[in-house]
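Comments concern the structure below.
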Number of protein chains: 2
Amino acid sequence: MPSTPTSAPDVLISEVGPRDGLQSVKATMPTAHKCQWITALHAAGLREIEVASFVPAQLLPQMADAAEVVRHALTLPGLTVMALVPNLRGAQAALAAGVHKLTIPVSASAAHSLANVRKTREAMVEEVRNIVALRDAQAPHTQVEAGISTAFGCTLQGLVPEEDVLWLAAQCARAGVGEVGLSDTTGYANPSQVRRLFRRLRAEIGNKTGAAHMHNTRGLGLANCLAAFDEGVRTFDASQGGLGGCPYAPGASGNVVTEDLVFMLEAMGVSTGVDIAKLIAAREALKAGLPGEPLYGMTPDAGLPKGFSQGARHA
Amino acid sequence: MPSTPTSAPDVLISEVGPRDGLQSVKATMPTAHKCQWITALHAAGLREIEVASFVPAQLLPQMADAAEVVRHALTLPGLTVMALVPNLRGAQAALAAGVHKLTIPVSASAAHSLANVRKTREAMVEEVRNIVALRDAQAPHTQVEAGISTAFGCTLQGLVPEEDVLWLAAQCARAGVGEVGLSDTTGYANPSQVRRLFRRLRAEIGNKTGAAHMHNTRGLGLANCLAAFDEGVRTFDASQGGLGGCPYAPGASGNVVTEDLVFMLEAMGVSTGVDIAKLIAAREALKAGLPGEPLYGMTPDAGLPKGFSQGARHA
């Protein structure tokens, strides 16, 4: 059971597997299986799930059923249903489907921005402004967040200056989004950099500082989450089984594994609201919908430590 | 090249693969291959290698050539040649072979102590005292360290009280060892616990505080190393390819991968003295000596980030 079932958890784990994970595997998970998996994740205690992205079906056929998946997710009590939208058109569809939260990827790397959304960074900020205006007009209670992708480096251009990241985050905040997170799209981040950049981000945009979205490409995913936690970050993106990556950032596979992240935080005495045993059980729904796909996660393989109990705070 | 080739590195990476790794795989690496692998590790810049354990050959046939391996390692300039010794008899053999440093595993878990060395913890402290006396008499310049195993929990008894760890560490320090490290033999540690226990250890034994020996059993290995680094630890055990574990702590496989640890630290601007490219090249020597054995490590698979250069400090 969660550490403190009657009060709010210490951190929010935002599960991105149904979007980030499923869009980066070759197979398309059937809609019914997506819904079962999302139900199982919700049953494990996850309260924010990125369930789909609203993009043209010819680009990402895995996401063609986004509206249907959203419709199911909206039936799950207490769940914040989130969808990724790369542009105004996607936002229109997501708002029409009734999502609670939009997340917009905004690349700090000029090269990646062009590759991923075919827009300059400046044009993307304009798009964010348009999405916020649409939200204000049509669904004012819907949250909008921006995720600064390639914030820690880019497989196309290499170094991404921190000033670019901070400038872009400030632009997005000024454009009216509620939160701006930092994404290590490419698995380049290191803990010192994570600490420094989140600290500078907070100095720049204060309490609009959003989630840490870390990849485990070079094995540093959890260390980077720890570094972000130390800097006061309290929302963490993660993906069950470590599914995920970016199709337009070659070699950048591997979101942080939700199971290992939840284990780390709970073992530290940081409540996540997620029941680890039920979370591990949810892998069966994922496996059923994506047979043969390799799943990652050390905690599911090794099992919980002898005598480990969630809710026994050690910190 | 190392960040600061002319000055001492910021941290010492103590490679334990030739001992901890090789004693936990089924196959026995031929002596000539062991020597080639150790040579390759030394060429990558590693300056402390645990090359063997001195134990009865019928218990660990993989270590039957310990003296021969030590003899080769002693020819490598600037290398601290370390060997594990579980008892006085092992220490006699290791000192006769001419090692620079002995490491003695001392279990904080009563159950693991009996399973691993068939001694109570008190009897083991007595053994440490005898080893130190032998060293004083025969080879006064040889260093002796104790590694407190199961310091963060035990697969046999579960919880290991911190008071037991600190008591045992103090006993070992009083028995005359130069350093006392903490080992997460079972992969149970979490970053909060690592910080707290190293802080308490330093309060207890001051500058005799030794290495962090972390396992990656549940994926937290690097996060735990980061936590230890934050607490001032500057020596880290790691194993190339993540080989290793403890034959008497079931399910406790997986030392921290040297390649990923060195990448994390160097990316943070912490110099290790190790050349990552040469370190990755040393995997070939390991593979040649242990064909078919699975090797771990995310950095070797993913490659270094675009534009990454060792020695460009980011911190």
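Which is farthest toward the positive dipole end of the range B:12-302 among B:108, B:258, B:183, measuring Cα position about the Cα centre, with Cβ charges +1 (Lys, Arg) and -1 (Asp, Glu)?
The Cα lying farthest towards the positive end belongs to B:108.
Would you calculate a helix-derived [θ] at 222 nm for chain B, using -39,500 (n - 2.57) for each DSSP H run of n ≥ 4 and dividing by the full residue count, to the nearest 500?
After summing the helix terms and dividing by the residues of chain B, the value is -11500 deg cm²/dmol.
Relative contact order for chain A: what is it in percent, counting Cα pairs under 8 Å that are at least 6 residues apart?
Result for chain A is 23 percent.
Nm distances between the label at residue B:202 and the same-position labels in the remaining copies, 7 Å along Cα→Cβ, shortest first?
2.2
Counting only trypsin sites (Lys or Arg not before Pro) that sit in a DSSP loop (anything but H, G, I, E, B) with at most 12 other Cβ atoms within 10 Å, what is the longest stretch of chain A containing none of them?
On the way: sites that count: A:26, A:118.
The segment A:119-315 is the longest one with no such site.
When you look at the Cβ of every residue in B:292-304, what mean number of other chain Cβ atoms sits within 10 Å?
That average works out to 3.
Considering every residue in B:259-270, what mean count of other chain Cβ atoms within 10 Å of its Cβ is obtained?
That average works out to 4.
With springs only between Cα atoms under 10 Å apart, run a GNM on chain B and tell me which of B:292, B:17, B:221 wobbles the most.
Most flexible of the set in this elastic network: B:292.
Considering only the other residues whose Cβ falls under 13 Å of the Cβ of residue B:117, what net charge follows from Lys and Arg at +1 and Asp and Glu at -1?
+1
Below 14 angstrom from the Cβ of residue A:42, what's the summed charge of the other residues (Lys, Arg +1; Asp, Glu -1)?
Values: positive: A:34, A:47, A:278; negative: A:15, A:48, A:50, A:275.
Summing Lys and Arg as +1 and Asp and Glu as -1 gives -1.
Put a point 7 Å out from Cα along the line to Cβ at residue A:303; what are the distances to that point in the other copies, in nm, shortest first?
Relative to the other copies, residue A:303 has label-point distances of 4.0 nm.
Name the residue, out of B:205, B:131, B:38, whose mean-square fluctuation peaks in a Gaussian network model built on chain B with Cα pairs under 10 Å.
Among B:205, B:131, B:38, the largest GNM mean-square fluctuation belongs to B:205.
Could you pull the copy-to-copy label distances for residue A:281, with points set 7 Å along Cα to Cβ, in nm to one decimal and sorted shortest first?
Copy-to-copy label distances at residue A:281, shortest first: 5.3 nm.
Can you bin the protein assembly as shown into rounded, prolate or oblate? Criterion: square roots of the alpha carbon gyration tensor eigenvalues sorted a ≥ b ≥ c, rounded for a/c under 1.5, prolate for a/b above b/c, oblate for the rest.
Working: a/c = 2.20, a/b = 1.90, b/c = 1.16.
Taking the square roots of the gyration eigenvalues as a ≥ b ≥ c, the protein assembly as shown is prolate.
In nm, to one decimal, how far is the modelled label at residue B:75 from the one at residue B:122, with both set 7 Å along Cα→Cβ?
It is 4.8 nm.
How large is the dipole of the range B:78-170 about the Cα centre if only Lys and Arg carry +1 and Asp and Glu carry -1, each at its Cβ, rounded to the nearest 20 debye?
Its charge dipole is roughly 340 debye.
Among A:239, A:192, A:183, whose mean-square fluctuation peaks in a Gaussian network model of chain A (Cα, cutoff 10 Å)?
A:192
Among DSSP beta bridges whose residues both lie in the protein assembly as shown, state the antiparallel percentage, nearest 5.
5 percent
Can you compute 3J(HN,Hα) from phi for each residue in the range A:71-77, using the Karplus curve 6.51 cos²θ - 1.76 cosθ + 1.60 with θ = phi - 60°, rounded to whole Hz and x for Gly and Pro?
4, 5, 4, 5, 7, 8, x
Counting only residues 5 or more places away or on other chains, whose amide H sits under 5 Å from the amide H of residue B:103 once H atoms are built in the peptide plane?
Under 5 Å from the amide H of residue B:103: B:83, B:84, B:85, B:145.
Can you say what percent of the DSSP beta bridges in the range A:12-302, counting only those with both residues inside, are antiparallel? Round to 5.
5 percent
Looking at the axis that maps chain B onto chain A, which chain B residue has the closest Cβ, and how far off is it in Å, rounded to a whole number?
B:223, 2
Would you please give the FRET efficiency between residue A:32 and residue A:159, computed as 1/(1 + (r/R0)^6) with r the Cβ-Cβ distance and R0 = 41 Å, to the nearest 0.05?
0.40
Per residue of A:144-157, count partner chain C-beta atoms within 10 Å of its C-beta, then hand back the mean as an integer.
What the average comes to for A:144-157 is 1.
Compute, for chain B, the length of the dipole vector about the Cα centre, with Cβ point charges of +1 (Lys, Arg) and -1 (Asp, Glu) only. Units Debye, rounded to 20.
Taking the Cα centre of chain B as origin, the dipole is about 160 debye.
Give me the dipole magnitude in Debye, nearest 20, for the protein assembly as shown about the Cα centre, with unit charges on the beta carbon: positive for Lys and Arg, negative for Asp and Glu.
In debye, rounded to 20, the protein assembly as shown gives about 80.
Given the convex hull of the Cα atoms of the range A:160-210, what is a quarter of its surface area in nm²?
Averaged projected area of the range A:160-210's Cα convex hull equals 3.3 nm².
Under the classification rounded if a/c is under 1.5, otherwise prolate if a/b is larger than b/c and oblate if not, where does the range A:94-242 fall, given a ≥ b ≥ c as square roots of the Cα gyration tensor eigenvalues?
Prolate.
Let me understand the range A:12-302 better: what is its radius of gyration from the alpha carbons, and its Dmax, in angstrom?
So, for the range A:12-302, Rg and Dmax equal 17.2, 50 Å respectively.
Just so you know, all these numbers are worked out from the coordinates, no wet-lab data involved. Given the structure is predicted, the values throughout are model-derived calculations rather than measurements. A quick note on method: Cβ atoms are made from the backbone with ideal geometry, for glycine too, and the neighbour counts reach across all protein chains shown.
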